[in-house]
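Structure, as C-alpha cells:
The values are calculated or read from the model by the stated rules, or taken from the named source; none is laboratory data. Model, not experiment: these values are computed from the prediction. Cβ sites come from the backbone with ideal geometry, for glycine too, and all protein chains shown count toward neighbours. Just so you know, the surface numbers come from the protein's heavy atoms only, side chains and all, with ligands and any DNA or RNA stripped out. Shrake-Rupley method; radii C 1.70, N 1.55, O 1.52, S 1.80 Å.
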Amino acid sequence: MTLQLYNSYSRQIEAFQPLDEGKVRMYHCGPTVYKRPHIGNYRSFLFADLLRRLFDSMGYDVVQVMNITDVGHLVDDADDGEDKMLKQARQEKLTPWQIVDKVCAEFFADLHALAVRPAHHYPRATDHIPEMVKMVQKLIASKHAYRVGDNVYFDVHSFPKYGQLSGNRIDELDAGARLEVNEEKKHPADFALWKSDPSHLMKWETVFGEHGFPGWHIECSAMSMKYLGQSFDIHTGGEDNVFPHHECEIAQSEGATGKRFVKHWLHTKFLQVDGGKMSKSLGNVWSLDDLEERGFSPLDYRFLIMRGHYRTQLNFTWDALRGAAEARKNLLDWRGRLQAAARTSDSACRADAAPDVVEAKQKFAPAITEAVEKFDAAIADDLNTSEAVAAVFGLRNAFMQDAFVGANAQNALDFLDRVDDLFALFPTNGDDAEGLSDADVEALLAERVNAREQKDWPRADEIRDQLQIAGIVIEDKSGSVHWHRS
Ligand SMILES: [Zn+2]
C-alpha cells in the first residue's frame, strides 16, 4: 500500500516517494527551550514520532532530526523584541544557559515518559553558529541578503516563490509590515538573518561584527541541511510554524542552494484546550506533571493525541483524557485476556482439530484480516489514526462478545503488536528493548568525556541528550560522573 501524505506546500495529497530509495530523511521543528513544553507542544512532537515509527516499520533507513532552539527566537516570532530565552532567564534570575540545561532535561524526560523513540540528532542552535554564518555569507554573495551595519536581512523580493507555502503575497506582506517600520530594511517584509545587539547575553563575534546572534529561521535551515543534506524528504512542525518560520526557511535554503529544500511539508493542527487556546490567564497551560498528578499516565495523553487525525481540530478536556485512559485500559485488558488465552491454547489442552476450535478459527480469522487491512489502509491514508483506532476497537468488540477466543488469540496479539509498534500504547516493563544497557551507558559516557576533551561540544551535548531521553540521569560531581536510571 502506498503511503499518501498531505503536502502543505502543494495543498494536495501526494504519494510518498523518498528522494533516495529505501531512505527517509526528516526534520522536525523542536522546542524553544525557554520553558518546559506544555501538552499542546507535544502534539506535533508525537506526530513526528508516529512518522518515525511508521517509516521504521516500513523498513526504511530513517534519519530523524529535531532541533533545539536555544537562542534567537524572539517574542511573537518577530524580528524585533526580546529573546524568549533571555526574558525567561531574567524572570527566573538564572543565566540563559542554566535555563537551557534545565528545560532540555525536562523536555527529554517528557519524551521518555511519552515513549517517544529518540531522534538521531537533537542539534542545538548555539552549537551551530559557524554553519549559520556560512549560510548567511552565501546568501549575501548570491544577492538574496544584504547587510545594514552589523545586521543582515533576507531580501524577500529576490525570491519570487516567497509566500507559496503560507499562501501570502509579498506585496500584501509588505503592506502589512509597514505598520511596524524598520528603516533599515529594503522592503518591509524582509526578515533578519543575523542581528547585532551588544546587550544580548548570548552573542558571538563573527564576520558580521562583535555582538551578533542568529535569527530563528536561519537556525533550522543550517541545522537541517547539515544533518540531512540540501534536499530532504519531510519537514514537520505545528501549524503556527507555517508562517513566518517555514516560509523563511524555504527562501533561505533554496536561495542558498538553488535546489528544492523539502519534498513533503507536514503540519499538525493546534491542540485546543477547553474549546479554545490554552492560556496562562485561564490557568489551563498543562504540563505532563499536571496530568500525572491527576492520576493519568503520559501514555493516556499519547493515546488521546493518536486518536485524533493530525490535521483535525482536537480539543483537550479532562473528560476527553479520561475517555482516552479508559479506552487504553480496555485495550490493555483485552491484550491481557488474549495473552492468557494464547497460553491456554499453546498448552495443547485442546487439539487444533477440535470442532469448537476449528469453528472459532473460522469465525475470527476473517475479522482479524479485515481489521489489519482497515488499520493499514487508514494509516496509509495520510495517517488517519482515528480510523485506525476504530479498526482496533472493532476487532476488540467482536472478540469481547465471544467467550472463546483462544483459537485466534495469537493472531490478534500479533495485530496488537503492530498497533503498539506505531502508537506505543502499552507500557514496556523493565528492560526496554529500545533502552540502553549498562554497558551502552558506560560507553556513551566515556565517549562524552572524550568529546569534551576534544572540545567537540555538539557531540558531547548530543550524547547527554541521548542519555537523558533513555531515562539516564547524569550527575557531574567534583570531576567524576555518576549516573542512575530515572
Ligand atoms: Zn524550525
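Given the conditions (1) touching a residue at least 60 places away in the same chain (Cβ under 8 Å); (2) farther than 20 Å from LYS280 by Cα, which single one is not true for GLY59? So GLY59 meets the others, but not (1). Checked against (1) modelled with pLDDT under 95; (2) surrounded by 12 or more Cβ atoms within 10 Å (Cβ to Cβ), LYS280 meets all criteria but (2).
If a residue counts only when it is at pLDDT 95 or above and not hydroxyl-bearing (Ser, Thr, Tyr), which helices (runs of 4 or more DSSP H) contained entirely in segment 96-189 have at least 1 such residues? Here the list reads 96-113, 129-141. Is it the case that some residue within segment 138-158 is over 30 Å from VAL63 (Cβ atoms), surrounded by 19 or more Cβ atoms within 10 Å (Cβ to Cβ) and among the hydroxyl-bearing types (Ser, Thr, Tyr)? Yes: one or more hits.
Total residues in segment 325-345 satisfying the condition of being surrounded by fewer than 18 Cβ atoms within 10 Å (Cβ to Cβ) and in contact with a helix residue (DSSP H, G or I) (Cβ under 6 Å, 6 or more places away or on another chain): the figure is 1.
A count restricted to segment 256-270 and to residues that are open to solvent by less than 10 Å² (accessible area, probe 1.4 Å) and not in a loop (DSSP other than H, G, I, E, B) stands at 5. Scanning segment 80-95 for residues that are away from the ligand (no atom under 16 Å from the Cβ) and not in a helix (DSSP H, G or I) turns up ASP80, GLY81, GLU82, LYS93, LEU94, THR95. Please determine, by comparing only the residues of segment 186-211 that are touching a Phe, Trp or Tyr at 6+ places or on another chain (Cβ under 8 Å) and acidic (Asp, Glu), which one is least open to solvent (accessible area, probe 1.4 Å). Among them, the one singled out is ASP190.
Scanning segment 32-46 for residues that are under 19 Å from SER224 (Cα atoms) and open to solvent by 10 Å² or more (accessible area, probe 1.4 Å) yields THR32, SER44, PHE45.
If the condition is being open to solvent by less than 10 Å² (accessible area, probe 1.4 Å) and either more than 10 Å from the ligand (Cβ to nearest atom) or over 16 Å from VAL65 (Cα atoms) (or both), then segment 223-235 contributes LEU228, PHE232, ASP233, ILE234.
Please work out which one of (1) more than 16 Å from the ligand (Cβ to nearest atom); (2) surrounded by 16 or more Cβ atoms within 10 Å (Cβ to Cβ) is the condition GLY215 fails and give its number. Status for GLY215: all satisfied but (1). As a summary of the residue check, LEU86 satisfies the conditions (1) touching a helix residue (DSSP H, G or I) at 6+ places or on another chain (Cβ under 7 Å); (2) at pLDDT below 95; (3) farther than 29 Å from GLY40 by Cα except for the one numbered (3).
Put simply, of ARG52, ARG124 the only residue that is within 16 Å of the ligand (Cβ to nearest atom), surrounded by 20 or more Cβ atoms within 10 Å (Cβ to Cβ) and of a type in the set (Lys, Arg) is ARG124. The set of residues in segment 236-252 that are small (Gly, Ala, Ser) and either away from the ligand (no atom under 12 Å from the Cβ) or open to solvent by 20 Å² or more (accessible area, probe 1.4 Å) (or both) contains only ALA251. The set of residues in segment 398-447 being farther than 14 Å from TRP334 by Cβ, open to solvent by less than 30 Å² (accessible area, probe 1.4 Å), assigned to a helix (DSSP H, G or I) and at pLDDT 80 or above consists of LEU422, PHE423, VAL441, LEU444, LEU445.
Look at segment 19-38: where a residue is of a type in the set (A, V, I, L, M, F, W, C) and a partner is within 14 Å of the ligand (Cβ to nearest atom) and modelled with pLDDT under 95, sitting 6+ places away or on another chain with Cβ atoms under 6 Å, you get VAL33/ASP70. Across segment 357-374, the number of residues qualifying as modelled with pLDDT under 95 and either open to solvent by 100 Å² or more (accessible area, probe 1.4 Å) or closer than 16 Å to LEU338 by Cα (or both) comes to 10. Of everything in segment 214-242 that is aliphatic (A, V, I, L, M) and assigned to a helix (DSSP H, G or I), the residue that is farthest from ASP83 (Cα to Cα) is LEU228.
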